[in-house]
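Student: First, the structure itself, so that you have it in front of you.
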Amino acid sequence: MEEMKVRLEAVYKAINRLKKLDQTSEIKEEISRFQDVAEKLEIQISSQLEAWDKVQLARMIERPRARFYIDKICDEFIELHGDRFYADDQAIIGGVGSIEGKVVTIIAQSRGMTAKENMQMNFGMPHPEGYHKALRLMKQAEKFQRPVICLIDTPGAYCGIGAEERGQGAAIARNLFEMSTIKVPIISGVIGEGGSGGALALSIADKIFMQENAVYSILSPEGFASILWKDSGRAKEAANKMKLTAQDLLKYGIIDDVLLEPLGGAQKSPDATADSVKQYLIAQLDTLATINIEKLVQMRYERFRKIGMCL
Amino acid sequence: MKLKGLIKRKYAVTTKGNKKREVPEGIYVQCPKCKKSIYRPELKKTLGICPHCQYYYPLSARGRLGMIVDKNSFEEMDSDLKSSNPLEFEGYEEKLEKYKEKTKQNEAVLTGKATIEGQEVIIAIMDSGFMMGSMGQVVGEKIARAIERATLDKIPLIIFTASGGARMQEGIFSLMQMAKTSAALAKHDANGLLYISVLTDPTTGGVTASFATLGDIILAEPGALVGFAGPRVIEQTIKQKLPEGFQRAEFLMEKGQIDAIVKREEMRQTLAAILRLHQKKEVR
Ligand SMILES: [Zn+2]
């Protein structure tokens, strides 16, 4: 693996050197040969990514985040703020927009692409008021009969004094409870990290997707290793045991679809990635619109009811 | 002096390597809070409450059941469900066996139908002595079935919570039990039925973030620690000491998170009264 990465880097260097030369037909041919080699290496590397590598990709600062997708996917988007009780949680973006003319409510956990943004958004870790805002906007979507799209990207709900005082557990629980019966289609997708109850609180949906290098788990690998082995340093080992990749969760039927990313990860070609998310959402919105809503809500119930139905 | 030595020895034996402070064996026990010694038969009389400082010992699910429901009224449900090991986690099956042996329960929750002062209820009682009351697939399934039975029979539901949260060894499958139980409660709720949740020490993590906090009426035992994140995790995150009493029942009450704090000796009559006040009027 490491060896392949070194080779890939050498190939890219060679391509760059060649590009600086006079572009004769031989040189161009040489470049294209190297590019073929690079692509083959990229494919090999991506097919051998371990769960822990994906955790790293999901956390990469360059990875496109919710705000980018909303801007790219929507023809129009109006952000709506606040939970009407306490505050506007910057870790969750909410609003109404349209995708190719289809009006939807979008609720997205928001992480920054710079250190400063990340501070402002609390690294995508919502407080109770974030979940209250999300629920308010989902109820609004139900009133106006428009589907809800949730983008999941959080290490987990925030752990702090204020979060506890204002009922972090109750806020998450209320979302699980209410989302299970909301009478509009809901699509949720993990675009980065899907960490614990804080991610689940926006994931009670009719269609659940994950991007190829996203992860979704009961707790961060660090937290998991810390609880089970009293050693958060064993996070890599934990990640590889936890079955947290999109491919694992698809196999278990926890999610419905995996959206491919460009070779090397979404950050390599953000526009193309956004387009794949957009096309997926359009197709799913069309499909879900054909299903009777009572039936859809019953199917949503059964989807979760059957997980761990013991014999 | 001789007696003191005896107390000490018993204490050392019963608590060694075991942070869960269930009523230990032995004639005398030492209270983990005030450190005074308690004559064991006395502890039974006080329902597991330290006579000196009112510390609440955790109760086994069966022990608590006996304090709440009418004698001989309990019909247990799903005592035969078996946990699986979906992540093939090393040592997990052995661990489960050990706890089954220790608690004589199939899992960390006891469920069934019973009466309280003659009023029918479905009752679920979590047992922190079984892998810290953690919720894996069987706990989630037993609770979901209990809720669905209450919905079907159109009767109230009472859940006593005591849990360290979702069970790590079952990974994402444990997490999904939060969704499953909450959705089942939504159906019970939609039928106009009463759900009382009783929070006992400790209730944290995935259980707090699902059925524990969804009661129409939420009660708590005095001093019970209830939170989403455990105190240790919060201290690590914010890098400061937490104030005295943080996340205790009295704190939750002050912050508006629960309806009432009910002493152990008054729990049965309080539940009976709430049930009485929610009895369906006869349809004429
Ligand atoms: Zn005491």
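The values are calculated or read from the model by the stated rules, or taken from the named source; none is laboratory data. Note that the structure is predicted; figures quoted are calculated from it, not measured. Here the Cβ positions follow ideal geometry from the backbone for every residue, glycine too, while neighbour counts run over all protein chains shown. The area values use the complete protein model at the heavy-atom level, side chains included, leaving out ligands, DNA and RNA. Shrake-Rupley method; radii C 1.70, N 1.55, O 1.52, S 1.80 Å.
Student: Please list, ordered by chain and number, the residues whose modelled amide H lies under 5 Å from the amide H of residue A:259; skip anything fewer than 5 residues away on the same chain.
Tutor: A:210, A:211, A:212
Student: Under a 1.4 angstrom probe, counting protein chains only, how are B:188, A:132, A:127, B:52 ranked by accessible area, largest first?
Tutor: Largest accessible area first, the list is B:52, A:132, A:127, B:188.
Student: Along its three principal axes, how long is chain A when you only count alpha carbons? Whole Å, largest extent first please.
Tutor: Sorted largest first, the three principal extents are 65, 51, 47 Å.
Student: In addition: Compute, for residue B:53, the solvent-accessible surface of its heavy atoms (probe 1.4 Å) with the complete set of protein chains present, and express it in square angstrom to the nearest 10.
Tutor: The value for residue B:53 is about 40 Å².
Student: Next question, about the same structure. List the residues of segment B:171-203 for which accessible area in the full set of protein chains is at least 40 Å² lower than for the chain on its own; 1.4 Å probe, protein heavy atoms only.
Tutor: B:172, B:173, B:175, B:176, B:179, B:180, B:183, B:186, B:187
Student: Another question about this same structure. Bin by bin, in steps of 5 Å, what percent of the Cα pairs in chain B do you find, going until the bin that has the longest distance?
Tutor: 1, 5, 12, 16, 18, 17, 13, 9, 5, 2, 1, 0, 0, 0, 0
Student: Relative to the longest principal Cα axis of chain B, at what angle does helix B:264-277 sit, 0 to 90 degrees, rounded to 10?
Tutor: For B:264-277 against chain B, the angle is about 10 degrees.
Student: Of the lysine pairs in segment A:27-107, how many meet both conditions: Cα atoms under 30 Å apart, and a spacing of 8 or more in sequence or different chains?
Tutor: Value for segment A:27-107: 5.
Student: About its Cα centre, what dipole magnitude does the protein assembly as shown give when the only charges are +1 on Lys and Arg Cβ and -1 on Asp and Glu Cβ, stated in debye to the nearest 20?
Tutor: Value, rounded to 20: 2520 debye.
Student: If you plug each phi of segment A:136-149 into the Karplus form 6.51 cos²θ - 1.76 cosθ + 1.60 with θ = phi - 60°, what whole-Hz ³J(HN,Hα) values come out, in order, with x for Gly and Pro?
Tutor: 4, 6, 5, 5, 5, 4, 5, 4, 8, 6, 10, x, 10, 10
Student: Any chance you could give the angle, 0 to 90 degrees and rounded to 10, that helix B:2-15 forms with the longest Cα principal axis of chain B?
Tutor: 50
Student: Sticking with this structure for a sec: In whole percent, how big is the carbon plus sulfur part of the accessible area of segment B:164-220, probe 1.4 Å, protein atoms only?
Tutor: C and S fraction of accessible area: 50 percent.
Student: Would you be so kind as to list the residues of segment B:254-274 that have their accessible area lowered by at least 50 Å² in the full protein complex compared with their chain by itself (1.4 Å probe)?
Tutor: Listed in order, they are B:257.
Student: Additional query: Once both labels are modelled 7 Å past Cα along the beta-carbon direction, what's the residue A:140-residue A:40 spacing in nm?
Tutor: Between residue A:140 and residue A:40, the simple spin-label model gives 5.4 nm.
Student: How large is the accessible surface per residue of segment A:2-48, computed with a 1.4 Å probe and reported in Å² as a whole number?
Tutor: Averaged over the residues of segment A:2-48, the accessible area is 77 Å².
Student: Nothing charged except the Cβ atoms of Lys and Arg (+1) and of Asp and Glu (-1): what's the magnitude of the dipole of chain B about its Cα centre? Round to the nearest 20 debye.
Tutor: Charge dipole of chain B: 1320 debye, to the nearest 20.
Student: What whole number of Å gives the distance from the Cα centroid of segment A:38-94 to the Cα centroid of segment B:109-146?
Tutor: 39
Student: Please determine, in degrees from 0 to 90 and to the nearest 10, the orientation of helix B:171-190 with respect to the longest principal axis defined by the Cα atoms of chain B, where the helix direction is its Cα long axis.
Tutor: The angle comes out near 50 degrees.
Student: For residue A:150, what residues show an amide H to amide H distance below 5 Å, using hydrogens built from the backbone and excluding near sequence neighbours?
Tutor: A:107, A:187, A:188, A:189
Student: When every alpha-carbon pair in the protein assembly as shown is counted, what percent end up more than 47 Å apart?
Tutor: Cα-Cα pairs of the protein assembly as shown separated by over 47 Å account for 19 percent.
Student: If you don't mind, there's one more thing I want to ask. Between residue A:30 and residue A:119, take the C-beta separation as r, use R0 = 45 Å, and let me know the FRET efficiency to the nearest 0.05.
Tutor: 0.45
Student: Now, a different point. Which residues of segment A:137-175 end up with at least 30 Å² less accessible area in the presence of all protein chains than when their chain stands alone, using a 1.4 Å probe?
Tutor: A:158, A:159, A:161, A:164, A:165, A:169, A:170, A:173, A:174
Student: So how far apart, in nm, are the two label points at residue A:299 and residue B:34 if each is 7 Å from Cα heading toward Cβ?
Tutor: Each label point lies 7 Å from its Cα, and together they span 6.1 nm.
Student: Now for a separate question. Of A:203, A:147, A:85, which is farthest on the positive side of the dipole of segment A:53-310, counting Cα position, with +1 on Lys and Arg Cβ, -1 on Asp and Glu Cβ, and the Cα centre as origin?
Tutor: About the Cα centre, the residue reaching furthest to the positive side is A:203.
Student: If you don't mind, another one. Going Cα to Cα from residue A:251, which aspartates and glutamates come in below 19 Å? Please leave out same-chain ones fewer than 8 positions away.
Tutor: Within the straight-line limit of under 19 Å, residue A:251 reaches these aspartates and glutamates: A:50, A:193, A:206, A:212, A:261, A:302, B:88, B:170.
Student: Pairs B:45/B:113; B:45/B:241; A:20/A:116; B:44/B:187; A:183/B:255: which exceed 29 Å Cα-Cα?
Tutor: B:45/B:241; A:20/A:116; B:44/B:187; A:183/B:255, as the Cα separations exceed 29 Å there.
Student: For segment A:190-279, give the percent of accessible area contributed by carbon and sulfur heavy atoms, probe 1.4 Å, rounded to a whole number.
Tutor: Answer for segment A:190-279 is 50 percent, counting heavy atoms of protein chains only.
Student: If you don't mind, there's one more thing I want to ask. Taking the solvent-accessible surface of protein heavy atoms with a 1.4 Å probe, what is the per residue accessible area of chain B in Å²?
Tutor: 47
Student: Work from the charge dipole of the protein assembly as shown (Cβ charges, +1 for Lys and Arg, -1 for Asp and Glu, about the Cα centre) and give the residue of B:205, A:262, A:31 farthest towards its positive end.
Tutor: B:205
Student: A further question on this structure: Given Cα pairs under 8 Å that are at least 6 residues apart, what percent is the relative contact order of segment B:107-186?
Tutor: 34
Student: With an 8 Å cut-off on Cα pairs and a minimum separation of 6 or more residues, tell me the relative contact order of segment B:59-277 in percent.
Tutor: Computed over segment B:59-277, the figure is 16 percent.
Student: Where nothing but the Cβ of Lys and Arg (+1) and of Asp and Glu (-1) is charged, how large is the charge dipole of segment B:235-284 around its Cα centre, in debye to the nearest 20?
Tutor: My answer is approximately 300 debye.
Student: Excluding ligands, DNA and RNA, what is the accessible area buried between chains A and B, summed over both sides, using a 1.4 Å probe, to the nearest 100 Å²?
Tutor: Buried area between the two chains comes out at roughly 4200 Å².
Student: List the aspartates and glutamates whose Cα sits under 12 Å from the Cα of residue B:100, skipping any in the same chain fewer than 8 residues away.
Tutor: B:80, B:127
Student: Among B:188, B:131, B:218, which residue has its Cα positioned farthest towards the positive end of the charge dipole of chain B, with +1 placed on the Cβ of Lys and Arg, -1 on the Cβ of Asp and Glu, and the dipole taken about the Cα centre?
Tutor: Of the candidates, B:131 comes out farthest on the positive side.
Student: Same structure, new question: Sorted by packing (mean other beta-carbon atoms within 10 Å per residue), highest first, where do A:280-292, A:229-241, B:108-120 land?
Tutor: Output ranking for A:280-292, A:229-241, B:108-120: B:108-120, A:229-241, A:280-292.
Student: Now, a different point. Evaluate E = 1/(1 + (r/R0)^6) for residue B:54 and residue B:235, where r is the Cβ-Cβ distance and R0 equals 41 Å; express this FRET efficiency to the nearest 0.05.
Tutor: After rounding to 0.05, the efficiency reads 0.95.
Student: How do A:75, A:53 rank by accessible surface area computed with a 1.4 Å probe, from largest to smallest?
Tutor: Largest accessible area first, the residues go A:75, A:53.
Student: Of A:227, A:107, which has the most accessible area and how do the rest follow, probe 1.4 Å?
Tutor: Highest to lowest solvent-accessible surface, that is A:227, A:107.
Student: Could you pull out which residues in segment A:104-146 have an amide N less than 20 Å from a spot 7 Å beyond the Cα of residue A:85, following the Cα-Cβ vector?
Tutor: Correct set: A:107-109, A:125-143.
Student: Oh, and also: D for segment A:2-48, whole µm²/s, Stokes-Einstein with Kirkwood Rh over alpha-carbon pairs at 25 °C and 0.890 mPa s: what number?
Tutor: Translational D for this selection: 223 µm²/s.
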